[in-house]
Each structure stands twice: as C-alpha cells, then as structure tokens.
Amino acid sequence: MADEELVKKMVRAVLLSSRSGVSLSNLQVEYKDLTGELIPYKQLGYATLDALLHSMPSVVKLDKGQSGEVVCHATTGNEVTRITKLAARQHTAKRTGRPQVVNCQMRVKPAAPFVLNGEPRTSLRQPDHRGRLGRGGGHRGGHGDPVSRTGSMRDSQFDGKGGRPHTAAFMLLIFLAPSNLNENTTPAKPKLPHSAPYSPKLVQSRIKEVLNKHSNGLWVSKLPPLYREHYKQDLPNEALKDLEHWTHICSVEKPCSNKPQEMLLYPAKETSQITPQSAATPPTPDKSQFHHNKPQTQRSSATSKSSTLASPRDLPPDVKQKLGELLLKYSSGLWAHALPKLYQDTYKCKLAEFVLDHLTLLSDICTIDYPMPDNSKRAILYAKVLEDENRNQSGLAGSETKETVERCLSSQTVPSLVIPREEYPSVLVVEASDTNSVILRYIGEGYSKAQEKLEDEMREFYGQDINKVALTSPLSGQLTAVHAEEEEEILRAQVCEVMADKVKVYYVDHGFSEVISKSKLFELHEKFYRLPFQATKCKLAGLESFSQEQAVLKRFESMATGKILLAEILERNEVPLMVLYDTSQDDDININATCMKALQDKSLESPLKVNSAFMNVNVTSVCSDGTIYCQVPSRGLTKLNGILEKTENYLHSQVTSELLVSLPFCGKNCLARYKGKWSRVEITNLHGSRVLDILFVDVGIRASVEVTELREIPPPLLRDLISTPPQALKCCLADLPVSIGSWTPDAVHWLRDTVLHCSDCSLKIAKVDESKRLAHVYLFTSKNFHDTSCSLNQQLADLNLWNHQKDVFLSSRGPSKSLNAPTNPATIHNTDVQDKAPHTARRMLSLLGSQSAPPCSPPVQLALPPLLELPEIGQNMDVFVSVACHPGHFVLQPWQDMYKLVDLMGEMILHYNKMEEKPLKVEKNQVCAAKLENNWYRVLVKGVLTNGLVSVFQLDYGKHELVSCTQLRPLTQEFCQLPFQAITAQLAGLKPRQWSEEASIVFRNHVEKKPLVAHLDSVQEASQSWDRKVVIYLVDTSQEERDIWLHDIMAEFTDEMSNAA
C-alpha cells in the first residue's frame, strides 16, 4: 500500500506553493513535478482523485473557480494558524492585521553536490533530509536477520537481553597516552557509522591535541564542546564509542557509578604503561610528538619518519606564525599550491620555495591531507588551533561549576535551546530592531511542534480551576504563565517590569513583549520548564556594520518580519550567523543581499531614459544570449573609480591577514582582481568550501575563483562602496529579428569581435524595461549615433548570421576564458577577451550535432583511473546512495572519499571554466568532462543524438543526463587519479522481480541521498567501473536504538502488497 500520510504531506506542499490554489486538472502535474510520481489514489483505495481529496479535509479545500473548474486550496494547519495569530500580537501599538505567512514547510533550497564541504568526513554536513518522509520504521530482526551472521552492527557491548547497546562511551574517562604506543596497537574493528560518519585518523589527531592541553584528564561529556570550540565542528558520536579502542591515543577508565553526570576527571596515566617494545625506544623530548600528524593517505608508519625532517632547513618562527595566521583564516582548509601567492599578497614578501616540497615542516601548525596522492602540491592544509592551557582549564572549571549549580537548583532550570542540525531549517522571523539581534523561532519537529504540544498541555492544565494559582506578587525576571484572552491561550512569559496594577511581560516562546493586567498571571508549574524557550536570536551575515541603519531595518521588516523563511546557518555560535532566503517564489530571494541593496544611493545609478545618448561607452561583456553589459559616463562611475583607486592603495599598503575572506556565502560583497586591479564582486554560488562563483557587478562578468583570491572590503571604504550602485548597464540591441536567448554562436562572436575593446562606442536608448532594468539600445562604433541605419543593430540584421545549425543554441551562460594575466587565476564567463578565430571556424561550433563535425587535434590516449577498491566479501563499507531507482538498481558512493571528489570537482571548475570553447569529436563510450548546471563532471558518452545533444553517464554520481555537445571537453590526465566513485548496486536478500512503482517509491524514500552502511554480499567484476556491479545488504544505523535492514523493509512491504491483492 502507498503511504497515505506521505501523500498528504506532498499534496499539502504542492498546494502551499500556490497562493491562488491549484486546479484539479493541474494537481497531478504539480505533484509529479515535486515527487516524480502521480498521486496514487487507486493504491489508497479510492476510485477517483476527487474522492481521495474529499477524504482529506485537513489538507485540501475544494472550491469552484470563475470558469467553473474545481480549484484546490491548502487547508491552513493548526500550527500555521497558531503561529500566524501569535505573530500578529507583536507590535501591539501598530497592529496592521494578520501578517503574511509563507509556506510553513519551506521548499528546500536547491543544492548541488558541492553542498558537501571538501574536507575529511568529520566536516560533512548532515545528508539532505529530503525524501525522509517515507515509512518510518524497519523490521526488528526476526526471520533471516543477518545480525546472526555478522554480529552487532556497531560491534557494541549488548546487555545480554537483546536490548540496545550500553552507551558506555559517555561513562568513560579519557587520559593522554604516550605517543609511542602507536607502534604495536591493533587497530579497532571498523564500525558502522551513524548519520555523521567521520575520518578516524583526523579525529584521533585532533583528540590528541585536545588531551595534550588537559594532561590531568577530563570528562568525556566535556570532549564534544571542547572539540567544537577548537575545530568549529561537531565530534562524531561514533568517535566516542571508539575511544576505548584507541589505546595509542588515550587510556580510558570507567568509574563505578552508572550515572554519567557524576563522572569526574582524574590525572592522565604516565609512561608507566608503555609496553616493553615501546619502552626500548627513548621518547622524543620535542613537543611535536603531540602535534605531528602524518597525512591521512600516507601508508608508512609513524616511526619511519620520526623526527628527521626531509627539508634543507627549518622555518623561522615568524614565517611559521604568519603561515598559521593564514591557515586560521580558512578553517575549511587551504590548498597548498595557493600558499605562496597568498603569502606574498598578504605579507608583501616571498615564501621560501622549499616549503611546498617539505610540507612536514608545517606539521606542528596544521594537519596535512592528500586527496590526490600523486600530487603533493595539491595537499590540503587544516589549521591546528592551539590555545592557552590555563585559559582552557579555567574555562573548563567554570563550565563544570555552572553545571553543578544547575544540577543543584530546583526543577525550574530551563534547558538551553539547541540549534537545529539541518543546514537549512525553517524559521519564523518575529522582529528585528538590530540585524545583529534578529528575534526568530525555529519551525518543525522538536521546536514549533513541541511548543504547540506544550501549549495544548498548558491550556488543559490551567483549564482546571484547581491548578490556577494566581501570581499575586510578581518579581522582575520571574517566569509565569499568562492567560491570553484573545485566543484562550496560556503562554509562558517572563516578567520584565512591575507597575501598579499592570505588568510588562516578555513571551519567551514568541519573542515579543506586552503590557497586561496582573490578574492574568499564574504560577508556572514545574513540568512546563522542560522545553527550552523557543524565541531565540540570530545575526544576519554581511550586515554587521549596518545593523541599525533605518533603510536596512525598513527593508527587512517589509520582506521578512512575520514570515516563515529558510535559514542557512553559517556559524553555530550562541547567536548563530545566518543568511535568510524567501523560497516561496519561483526564484529564491536572498534577504541579506536585498537588505544590503537598500543602502544604495539611487542618484548614482546608471541613467535609463528613453532617447538618451552616450558617447565614450565601454562595452564590458557580450553574453551568449545576446545580452550586453556596458559602462556609460556618469556621476556614479566617476565616484566608483575614485573609491576603487583608494581601495587599491589601501590594500597595497596593508601587511595583514585581516582582509582575507574566511567565511564566503551567497550574496556577500567583497573584492577580486579584474584586469590586475581590485574590483567589486558578489558571491553567487559556492562549490564546496574553496571554489566559488562570483559576479563582477560593475562589468557584468561572471567568474570561478578560489576563495583565496577574494578580499574583504576595507572598513574605511565599506560604506562608500556599498552605497554606490553597480555601474554595469544591462542592455540588449533593439529592432533585431530575434529575441534575447535565441542568438546564434556566429552572431554572438561577430558582436564580440566588433565591440569589445572598441574605444569609440556610443549608444542611444530606444526603450526601457523598468522591471528588469533592461535598456533596449542602438549601438554604434563611432560617435555618429543620430542615424540608426549606421548602428550595429542594422548591420547585424543585414548579415546572414541568424540561421541556427542542427538546433544548437548557446545558453545564457557561455563558456569561460582566462581574463587576466597568469598571476590572476580568475576564470571568467562571457569575458571581454577578443576571440580572433575566423568566423568559418566558429561556425563549426553549431555543427556538432553529429559525429561528422571536424574534430580538433587528435586527443592523447587517456589512462583511466584504477578501479575503486572494495572491501572483501562479508565486510562493511560506509556509503552514500546518490541514485535509487528500485532495489534492483541503485548507485553508491564511498562515504569516506566524498570530500576528495568535491576537491576534484572544484579543480575541474577552475580548469575548464578558463578553457576556450573548441570543437570536440564526440564518440560513443568516450570518457570526457561535461558541464551540467554550472558544475563539471567526469562522464561516459552513451550516445550522440542528431540534434546536438549527447547522452552521458556521470561516472561519479551514477546519473544519466542529456547535455549539449558544446558543453563537453576532453578529460585531462590530472583528473584521472581518483577512481570513478559511482558503484552500481542491487539489494541482497530479495528475490529478483519486477519492482512496482509503489515499492520503488518506498525504497527511494528510505535510501536516496542518505549515508548508510553496505554489507558486501558479492561482486560482479568487470574491466571498467561502469560495468561492475555489487550485491549488498543496506543498513540504516542512524537510529540509536536499532539497526534498520532495508531488505527486511522491502520484503515486508511486498508481503503486504501481495496480501492486499
């Protein structure tokens, strides 16, 4: 049977996305667009779709439109209604009626595979939660349970009663062990991870650093917050369970008490525990035994490279200190090859050349990882945060004292609100008098739903007169229950100010204040202290320097206050740093960036008046869809040039790392080099943590750069640069036979050759589209702009450049070329570099619809990467399911190497976006690189169509796609070191069958886009990775209390379907 609750949720999501409702005839189409499936009303036991909808009054309301057609509207849920009413009570002095509420369950912000940071597994964000709305539970074991063959899925100690494993890791005491115990330590058995897998080697090195600063030992309960404080990442839960096996990292003692909160720290064990083998080796007195960490991919033992450095010399302390400062600016890691240029730009002096060849010199200030083992210069360096030991100890003692005090207080202690773990939680914005202190509430399970449940309980509890104990003498700061007469609600509040017969209270769960009568106050029962206060604060990224500007606050109030938005959490501090998005429209609206634009001085915008004419026009970009960007003489351009000149001088005179961009995010304004000079840019997209897309806002050019190429805007010039509007005037040529988006490659290249770098251009505005700020213009290459017959518009219209060949069209985002000198690695889309190739050669780009297209020079024979190493039969491996069709066909990726894939694809973006577009002979079974949705992938050509499209298979993600032949490039040998990551698989433990649509949906909802554990049953070997197939058991170990075997779930589901039939 189909899951009716899942169908209800999906129908509600479809209806909430349309304020005007969805017609009954279009509902199936909209539902399929969202879920990929039609509404399974027959499987749910209904003869028609109309009958199913009538059975869901809590989800859908059916009305007749003006034309008589049935229109479906979303029924407002209790949670949305309650939030709306409570939000409307804020600002009582200026109520304007019911506030606008966007979808309660926001559309998830689209994310590319690069949503995963290019870091080892400890830093992988939680997997995408889309698709987790399917069947919630799994089979508890029973018949054929493979646990009997493989043992416990976590190799944990069970209580012998078939129950859940002991959480013994939280009852352990950790002590630093001598580093030379590493020699003869038997590695622990591999564990099956929960939903946050990790890299043991990296975690071990970091734990060793933490323990080195707490040589007297510490509570295990203190380890996660210390780890988070040092490395800005959460300590994986599985690492806590592995601690007792890591005898080469720490020694562990278990106290007698079974209460984890009563465990105490004891001094660390000394070297008396050294084994005879390790005792024979005298300990190294150097402190590097605690900080020296070998790269994760190195196979040699720790002693093979003991204290002997393979470098010609040691680094001076001041150089090492400067390098440490640079690494601290990039907490997500820094590519080693970027270090010399970054060092020279920041400190105005060269870095010794031998450093890149001897990275072990930096091992005491950073952890070194080699995602490409054959290329040491592609290493990634992660800073080690070394803090004062005394400060840490005092901070630890303070936190312990605080915990003890809280433990000794009465039950009136309210727990702290925990920030949601998901990357994009939904939030209700309450109000903001300062963008550094925006009041909001989290929406969803454990937050607004828990609050709704609490208030239901309070309403029932205080509905009985016996429980209504009036608070006759309220004190400032006291918690109380407040009777809100408007909605007959009982809310938690805190007394702010006591007056004669009234009191001012702050609603701790809803974030606003109100003056009420004392008669509405009741004593708050202790059982209502258990839920954290739901009203919390956040800081808006990018607006820190303008947090109290009235223009910003006014714009924010109109766009965000009273609405439910999507929040991207950048920093999980006490007051988290966020970017807010409104995803209720077709295009996501970046609230932070839009509020920043409120500071722009409109009088400095490029003038847009019909019949206005301009000389000395600089055409900066010609896009592939026919859009052009140019700069016209104006007051704003003159001011901008003056500010940028000051910026250039400021950055040239500074010798500091303060202006490095360490936290990039979409919508951020910063600086990057354009033609050798610093120019304003806006970050438009992030590929992992080290590669991103930017827009040069004053020239209309897009680029892909490394984060190390960006600089913060100097504080003294920040206001001037932010208040100056972008000076790139967006135009299109008027009176042409085709519209924007239908230009041929020949027409685009002709216009680029004609106007780019022309020093005598002029234009005349014929029409203005204010909604798009788009000017329809006549463009001239001389100052004679009075006669439109001499315009480039007329010349283009007369040329035979508008006939498309083989249905090939250029997209609105064309190929990229190198913009600058070799010192600038920025790679630019639609650049102003003049293409000197003859028109006949360019015409060949539109002829690539068939294999008869003239090829470029014969490619060098490509050596494909080796096959991906698999564990032995019967062993486990951590995987991520990237594609799931049905139990007979799905695609895995090795979870532990995903960060290497992100790094590889970042390198591919930088490499291919600066390549000129050249014809490529496309053949079946050819391995090459393809551009899909702004990213570059390694693909296998499956077929070549006659309309210019190519069918490709993504070798790292397992997806089949159609791509234009103009978006293919030869795959270079540099990108063939990492084995292709996609592993085709089928589920073991089930009979082969034709899987139904319903079964496929159930399977997909349980596994797709999730990290799971694969137990290898068999392998169908092949010479090429795309032909190899594995048969595996899949296990979901994300739930602490049980392991969910997917073949059990699917067997149970098919049994139910058979019985129902």
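Only residues that are of a type in the set (Ser, Thr, Tyr) and either out of contact with any helix residue (DSSP H, G or I) (no Cβ under 8 Å at 6 or more places or on another chain) or open to solvent by 20 Å² or more (accessible area, probe 1.4 Å) (or both): list them for segment 958-975, please.
Matches in segment 958-975: Ser964, Thr972.
Could you list all residues from segment 349-364 that are open to solvent by 30 Å² or more (accessible area, probe 1.4 Å) and either among the acidic types (Asp, Glu) or closer than 30 Å to Met898 by Cβ (or both)?
Glu353, Asp357, His358, Thr360, Asp364
Which pairs do you get when a residue that is closer than 15 Å to Lys8 by Cβ and open to solvent by 80 Å² or more (accessible area, probe 1.4 Å), found in segment 27-54, comes within reach of a residue that is at pLDDT below 80 and not β-branched (Val, Ile, Thr), reach meaning Cβ atoms under 7 angstrom, with the pair 6+ apart or on two chains?
Leu34/Ala13
Could you count how many residues in segment 1009-1048 are in a helix (DSSP H, G or I), in contact (Cβ under 8 Å) with a residue 40 or more places away in the chain and either closer than 16 Å to Ala988 by Cα or of a type in the set (Asp, Glu) (or both)?
Total satisfying the criteria: 3.
Pairs please, first residue from segment 586-611 and free of Cβ contacts under 8 Å to residues at least 40 places away in the same chain, second anywhere and part of a strand (DSSP E or B), Cβ atoms under 8 Å, 6+ apart in sequence or on different chains.
Once the first residue is free of Cβ contacts under 8 Å to residues at least 40 places away in the same chain and sits in segment 586-611, its partners that are part of a strand (DSSP E or B) give Ile589/Tyr581; Ile589/Asp582.
Could you say whether any residue in segment 67-85 is at pLDDT below 75, hydrophobic (A, V, I, L, M, F, W, C) and open to solvent by less than 20 Å² (accessible area, probe 1.4 Å)?
Yes: one or more hits.
Restrict the check to segment 548-565 and report whether at least one residue is under 19 Å from Asn592 (Cα atoms), in contact (Cβ under 8 Å) with a residue 12 or more places away in the chain, surrounded by fewer than 16 Cβ atoms within 10 Å (Cβ to Cβ) and under 25 Å from the mean Cα position of the chain (by Cα).
No, every residue in segment 548-565 fails to be under 19 Å from Asn592 (Cα atoms), in contact (Cβ under 8 Å) with a residue 12 or more places away in the chain, surrounded by fewer than 16 Cβ atoms within 10 Å (Cβ to Cβ) and under 25 Å from the mean Cα position of the chain (by Cα).
Filter segment 1032-1057 down to the residues that are within 17 Å of Glu1008 (Cα to Cα) and of a type in the set (A, V, I, L, M) and list them by number.
Within segment 1032-1057, Ile1032, Leu1034, Val1035, Ile1044, Leu1046, Ile1049, Met1050 qualify.
Within the group Ile694, Ile713, Ile722, Ile683, which residue is under 30 Å from Glu423 (Cα atoms), assigned to a loop (DSSP other than H, G, I, E, B) and aliphatic (A, V, I, L, M)?
Answer to the check: Ile713.
So which residues in segment 594-633 are in a helix (DSSP H, G or I), open to solvent by 10 Å² or more (accessible area, probe 1.4 Å) and touching a Gly at 6+ places or on another chain (Cβ under 7 Å), if there are any at all?
Met596
Need the failing condition index for Gln393 against (1) touching a Leu at 6+ places or on another chain (Cβ under 7 Å); (2) at pLDDT below 90; (3) among the polar types (S, T, N, Q), just the number.
Every condition holds for Gln393 apart from (1).
Specify which of the listed residues (Arg107, Arg12, Arg19) is at pLDDT 75 or above and either surrounded by fewer than 16 Cβ atoms within 10 Å (Cβ to Cβ) or out of contact with any Lys or Arg (no Cβ under 7 Å at 6 or more places or on another chain) (or both).
Arg12
Would you please name the residue that is surrounded by the most Cβ atoms within 10 Å (Cβ to Cβ), looking only at residues in segment 739-780 that are touching a strand residue (DSSP E or B) at 6+ places or on another chain (Cβ under 7 Å) and small (Gly, Ala, Ser)?
Ala775
When only residues in segment 319-348 that are under 25 Å from Tyr227 (Cβ atoms) and open to solvent by 60 Å² or more (accessible area, probe 1.4 Å) count, which is nearest to the chain's Cα centre (by Cα)?
So the residue we want is Ser331.
Check off (1) surrounded by fewer than 18 Cβ atoms within 10 Å (Cβ to Cβ); (2) within 31 Å of the chain's Cα centre (by Cα) for Leu580 and give me the number that stays unchecked.
Leu580 satisfies every listed condition except (1).
Just one of Gly667, Gly636 is surrounded by 16 or more Cβ atoms within 10 Å (Cβ to Cβ) and in a loop (DSSP other than H, G, I, E, B); which is it?
Exactly one of Gly667, Gly636 is surrounded by 16 or more Cβ atoms within 10 Å (Cβ to Cβ) and in a loop (DSSP other than H, G, I, E, B), namely Gly667.
If I go through segment 639-664 residue by residue, how many of them are in contact (Cβ under 8 Å) with a residue 24 or more places away in the chain, outside any loop (DSSP other than H, G, I, E, B) and either farther than 15 Å from Pro716 by Cα or open to solvent by 50 Å² or more (accessible area, probe 1.4 Å) (or both)?
4
Show the residue pairs meeting these rules: Cβ distance below 6 Å; 6+ apart or different chains; first residue within segment 212-232 and modelled with pLDDT of 65 or more; second residue surrounded by fewer than 21 Cβ atoms within 10 Å (Cβ to Cβ) and in a helix (DSSP H, G or I).
The qualifying pairs are Asn212/Phe290; Lys213/Glu389; Lys213/Asn392; Val220/Phe170.
The values are calculated or read from the model by the stated rules, or taken from the named source; none is laboratory data. All figures in this text were calculated on a predicted structure; none of them were measured in a lab. Every residue, glycine among them, receives a Cβ derived from its backbone with ideal geometry; neighbour counts consider all protein chains shown. Heavy atoms of the whole protein, side chains included, go into the accessibility calculation; ligands, DNA and RNA do not. Shrake-Rupley method; radii C 1.70, N 1.55, O 1.52, S 1.80 Å.
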